[in-house]
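Below: the structure, in structure tokens.
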Amino acid sequence: GCARDWDGLTCWPRATFGEVVKIPCPRFFEEFTSFLQRNCTQEEYWSEPFPPYTIACGFDEGSSKGPEDQKSYYSAFWRVYTAGYAASVTSLITALIVFAAFRKFHCTRNYIHMHLFVSFILRAVAVFTKDAVLFADETMDHCLMSTVACKAAVAFFQFSILANFFWLLIEGIYLQTLLLLTFVSNKKFVWWFIFTGWGAPTAVMFAWVLTRIHQQNTGCWDDDENGVVLWIIKGPILLTVLINFIIFINVIRILVHKLKSQEGGGSHSSHFVRLAKSTLLLIPLFGVHYIVFAFFPESTGLEARLYIELGLGSFQGFVVALLYCFSNAEVQTELKKQLCKWQHQEYLTFTHKHGAFSRETSPVNYVTQLSLLDKISPKRRTSVLQDGVTTV
């Protein structure tokens, strides 16, 4: 028969003599409804795909959407999300250091923020790791690639996404808890939050890995998944997105009610501005933008999905760190105090050293020392006594 074949765009599975293999167009193209076919010929060679990629997968050879242009288009997106994740990692690590360094920020709210920051960092690292392992070598045969390293990279990538969505959910639950309950025991909830935020993704990943090993242990686990394997990952993610969206709507409702009660007949413009600010702050914290395509097939609105999930999603960690750390008034005040403290200490150190040096080298100090030596000198005392005797 014919062995597996990677034609540069699609992996064709092993086939017996005379078998016709039918597969859908790869995700590389925008059209997902068409199919490609290849025949395992008598000479045990694969025939050319029919219909050709140019016809079956929705692009015209003479248009600007050929394979090379598509590669260039997606390569530009790769640069965008790489820059976004790099900016997110840098800002999130800095925010973690700020929250950890100052005891004033050691509270349940910031502990949850820190765990969310870590989940964003893991997600960025997982993206970089997956790209390095799976796509660094363009000549790699993806049909034959099925190593432990590439499977571990994909599993780590899936875990980081799950953890990130679960911590976005926990942020929403905690915020709603603070709004609904006036008195809440922080220590009572924080360990449950930590257990849920990291324990639930671990349990889901354990089930996914076992299912993959026993039911679909093919390639690097990055190929199209069947129903059961797909929904082990997609189901919890959709559930967290849906719950967080409901919490988001409820939090907005609570904020509107509180703002109305505080305004007491004030201007509608200020009320609208405050509500708009609150909403804009909540969107990156809850990941509400994911609801746009959460319940649609992956083939729906591919370009818009790339802009939202790769473009905005890669910078989400940077925006969260900016809003909830660097733009926070308490953080800015504490950083200014620490900066003034460092400057004051440096000034005191400088003046102390400079003052000691000045006292040692000052001409006035030198004359004073001579006068003191002159006063206690034995010759001086003898001459004084002799003058006294002569006078007598």
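Miscellaneous remarks
- Answer residue from the range 75-89, given it is in contact (Cβ under 8 Å) with a residue 40 or more places away in the chain and open to solvent by 50 Å² or more (accessible area, probe 1.4 Å) and is nearest to the chain's Cα centre (by Cα) among those: 83
- Tabulated pairs, the range 165-179, first in the same structural domain as residue 247 (by the TED database), second in a helix (DSSP H, G or I) and of a type in the set (Gly, Ala, Ser), C-beta under 7 angstrom, 6+ apart or interchain: 166/197; 166/200; 167/119; 167/197; 170/197
- Scanning the range 222-253 for residues that are open to solvent by 20 Å² or more (accessible area, probe 1.4 Å) and over 28 Å from residue 174 (Cβ atoms) turns up 222, 223, 224, 225, 226, 227, 228, 230.
The values are calculated or read from the model by the stated rules, or taken from the named source; none is laboratory data. Just so you know, these numbers come straight off a predicted model, no measurement behind them. With ideal geometry, Cβ positions are generated from the backbone for all residues, glycine too; neighbour counts draw on all protein chains shown. Please note that ligands, DNA and RNA were not included when accessible areas were found on the heavy atoms of the full protein model with its side chains. Shrake-Rupley method; radii C 1.70, N 1.55, O 1.52, S 1.80 Å.
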